[in-house]
Every structure is written in structure tokens, then in C-alpha cells.
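K.L.:
Structure incoming, see below.
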Amino acid sequence: MTELSAFIEGMPKAELHMHIEGSLEPELMFDLAARNEIELPFKSVEEVRAAYQFTELQDFLDIYYQGMNVLITEQDFYDLTWAYLTKIHAQNVIHTEIFFDPQGHTDRGIAFKTVIDGISRALKDGEEKLGITSGLIMCFLRHLSEESALETLESALDHKDQIIGVGLDSSELGFPPAGFQRAFEKAKSEGFLLVAHAGEEGPPDYVRDALDLLKIDRLDHGNRALEDDSLVDRLVSEQMALTVCPLSNYKLAGVTDMRQHPIAKMLDLGLKATVNSDDPAYFGGYMNENYLAITDSLGLSKDQILTLARNGFDASFCIQERKQAMQDQLDKYAAEYNVG
Ligand code: ADE
Ligand code: ZN
């Protein structure tokens, strides 16, 4: 292991963009399929992994929605979340904000409460047993109607203490933010923080609309904002955080060569970029693998790596006291390496 990879692996980190259903490793998929007597269209774990070849977002989403069919009981959602938490604990992630897609489950007849109770119970154990603080963000699927999003929001009102925010994900092109303005207004009025995927595959206008129409507090991806200088200026002046997902961008072909990944340029422009795994079981890695990939391909320095980690804590939705404690932990770590 090089000194730089040891630095990344030991560094305290926050993850702000990770779909819990996207952390379903093929091994667990098989275990849950057996437990729930579900037949999978794959014969082996290797066959599942071999199917993970994507040329665009939709290719991935088709297989991602199919994968989640094995999640049935509260215990399944607990096991899924607990597996993710133990994995990131070993990678020195100390805070995580997790997305879940309730409509991906309620549309299959699974109760909202089953999903959220399983995830929340694991998150509580994660804090008590692993010291990982967390928040849960409920995403609306943008390929479904705004009425469906509003119904989902209604179900969430009984679980307000378990959810910190609302997001927007799934197929981006052809499903602009404007279609979800009412749902986001209502979510805001109910006190939820707001995020949305925009500029992953969609044009800069989708990013602008996520800011103006949805009034987001944080931007998920945002890569294509770089095509519009005035939009970049605005994101910089508003200090809007971007949850960038390097391996996801590569696997979904938004970036065809990791040496061309825009995250270093984002930092140079003054954008508040953060590093995240998106769907770690599908895209080849968790937080450390994402940091290592950009560090290797872009030749990032320890200072740049620290900036990305600091941005992660700063852009989190934690209370100020926790943010400060995490920044202090990072400062102490940097001092041990004589950087920062
Ligand atoms: N759902 C899970 N991962 C996603 C991604 N990268 N983009 C949009 N929707 C998603
Ligand atoms: Zn995502």
C-alpha cells in the first residue's frame, strides 16, 4: 500500500450520496432470495457481477430495480443497511446520509413502514455500536408521476422523526425538475431538507431548475453544470455543495476516462465538491475506492483530498456541534501527517 492510499483509507470521511438499495451485494442478493424463496434470473454471484456492464444510467436502473425485488421483510432492510454500515465502518466513514427509494418497494406491495423501520433500526445500531452518525433521505422516482410522489410524501409524514430530507432520483433525461415542484414545496413546508439528482445525464438547465424551482439545499452529481460558466459562478457564489460520484460516472459512461474526471477542475473552480459512492455494489467500490480512483487518475495531493473530505463534513446535514467534532477529528488526522 502506498503512503497516499494509507492516508485515504485512514482518513475520517462523510458520505452524502448513497442509495441503500445500491449497496446490495450479489452475495446478500442470493441469501435474501433464498430466505424469501424468490427465483433470481442469475445462476451465480459471478453471473450477477458479469451483468453489471452499463452504457448509460437506464441500463443500470433496469438491473437495480430488478435487484431490489429480493427485499421483502423489515429484517431484509435491516440486513442490507447493516451490511453497508459495517463496510463503511472499516473504511473510516464516520457519518452517512443515505437515500432510499420507497416507491421501488411500495409499488411491489411492501409497506412503507416495513422499509423505513428496517433501515432506521440498522442506522440506530450503527450509531450505538459503530459510532456512525446518519440521516435518511427519501427519494421520489422521477419516472413516476408527481401524484405518486405526493402520496409517498403523505406516507412519510407518519415517520418524520426517521427522515431528514427528500430527494429526486431515477431516469433523468426527459424527467426535468419542473415536474416535481409541488411535491418539493410541500416537503419543504413539512420541514424536510431538499436535494435532487441533476446534471448527471441531464443538461445544465435541469441543474438551474433544481435550484430555482425545487429550491434544493444540496445538489446530487451536478457534473454537467460545468458546461455553463454562469451556472458555475452561481454554484460557487451560493456555496452549493455537489455530491460527486466518481466511479458511478465512469461506470455509467458520463466520464469515459478517469483521467478526465472533472472533480479536480471542480475544486479549482471553487465548487464545493464531495466524494461519494452512489451505488457501491454496482459501481465497483465504496468510499475509499472512489477516493483512490480519483487520486490515482488525477494525481490529487493530500491537500486536495483533505479539501474533499472537509467539504463532505461541511455539506452534511448534521447539527453544527457534530460537524465541528468531525472537522476537529479530520484536523487531528491531518496534523499526524503534517498536512492541512
Ligand atoms: N438511483 C440509484 N442510483 C441512481 C443514479 N446514479 N442516478 C439516478 N438514480 C439513481
Ligand atoms: Zn445517485
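FYI, it's all coordinate maths here, none of it is from the lab. Note that the structure is predicted; figures quoted are calculated from it, not measured. FYI the Cβ positions are ideal-geometry reconstructions off the backbone, even for glycines, and counts take in every protein chain you see.
K.L.:
Please list, in order along region 242-249, the HN-Hα scalar couplings obtained from phi with the Karplus expression 6.51 cos²θ - 1.76 cosθ + 1.60 (θ = phi - 60°), rounded to whole Hz, x for Gly and Pro.
P.N.:
10, 8, 8, 10, x, 5, 4, 4
K.L.:
What is the chain's relative contact order, in percent, from Cα pairs under 8 angstrom and six or more apart in sequence?
P.N.:
Across the chain, relative contact order equals 19 percent.
K.L.:
Now for a separate question. Provide the gained length on full extension for the span Asp205 to Asn338, in nm with one decimal, where the gain is 0.36 nm per separating residue minus the Cα-Cα distance.
P.N.:
Result for the pair: 43.6 nm of gain on full extension.
K.L.:
I would also like to ask the following. What number in nm² do you get for region 23-111 if you take the convex hull of its Cα atoms and divide its surface by four?
P.N.:
6.6 nm²
K.L.:
Multiply the residue gap between Ile63 and Arg182 by 0.36 nm, knock off their C-alpha separation, and tell me the result in nm, one decimal place. Spell out each step's value before the answer.
P.N.:
Numbers: separation 119, 0.36 × 119 = 42.84 nm, distance 2.98 nm.
Between Ile63 and Arg182, full extension yields an extra 39.9 nm.
K.L.:
Could you give the radius of gyration (one decimal) and Dmax (whole number) of the Cα atoms in the chain, in Å?
P.N.:
When restricted to Cα atoms, the chain yields Rg and Dmax of 18.8, 54 Å.
K.L.:
What residues qualify as long-range amide H neighbours of Leu24, i.e. H under 5 Å apart, gap of 5 or more or another chain, H built at 1.01 Å from N?
P.N.:
Placed amide hydrogens put Ala281 under 5 Å from Leu24.
K.L.:
Still on this model: Between Thr96 and residues 5 or more places away or on another chain, which pairs have amide H atoms under 5 Å apart, with H built 1.01 Å from N, and which residues are they?
P.N.:
Glu15, Thr133, Ser134, Gly135
K.L.:
While we're looking at this one, here's another question. In Å and whole numbers, how far do the C-alpha atoms of region 1-157 stretch along each principal axis, longest first?
P.N.:
Principal-axis extents of region 1-157 (Cα, largest first): 49, 40, 32 Å.
K.L.:
Also, I was wondering about something else. Measure out, as a whole number of angstrom, how far apart the alpha-carbon centroids of region 89-131 and region 161-216 sit.
P.N.:
With region 89-131 and region 161-216 each reduced to a Cα centre, they are spaced 21 Å.
K.L.:
Regarding region 183-274, what whole-number volume in Å³ per residue does the convex hull of its Cα atoms give? Can you show the working numbers first?
P.N.:
Numbers: hull volume 8.5 nm³, N = 92.
It is 93 Å³ per residue.
K.L.:
How far, in nm, would the chain grow between His89 and Ala325 when pulled straight, counting 0.36 nm per residue and subtracting the alpha carbon separation?
P.N.:
83.2 nm
K.L.:
A further question on this structure: Based only on other Cβ atoms within 10 Å, what is the fewest-to-most ordering of Phe192, Phe54, Phe30?
P.N.:
Ordered by Cβ neighbours within 10 Å, fewest first: Phe30, Phe54, Phe192.
K.L.:
Considering only DSSP states other than H, G, I, E and B, which trypsin sites (Lys or Arg not before Pro) in region 13-109 qualify as loop sites with at most 10 other Cβ atoms within 10 Å?
P.N.:
Loop-located and lightly packed - Lys43.
K.L.:
How large is the helix-only mean residue ellipticity at 222 nm for the chain, computed as the sum of -39500 (n - 2.57) over DSSP H runs with n ≥ 4, divided by its residue count, in deg cm²/dmol to the nearest 500?
P.N.:
-15000 deg cm²/dmol
K.L.:
Here's a follow-up. Given points 7 Å out from each Cα along the Cα-Cβ axis, report the Glu3 to Glu154 separation in nanometres with one decimal.
P.N.:
Label at Glu3, label at Glu154, 6.1 nm between them.
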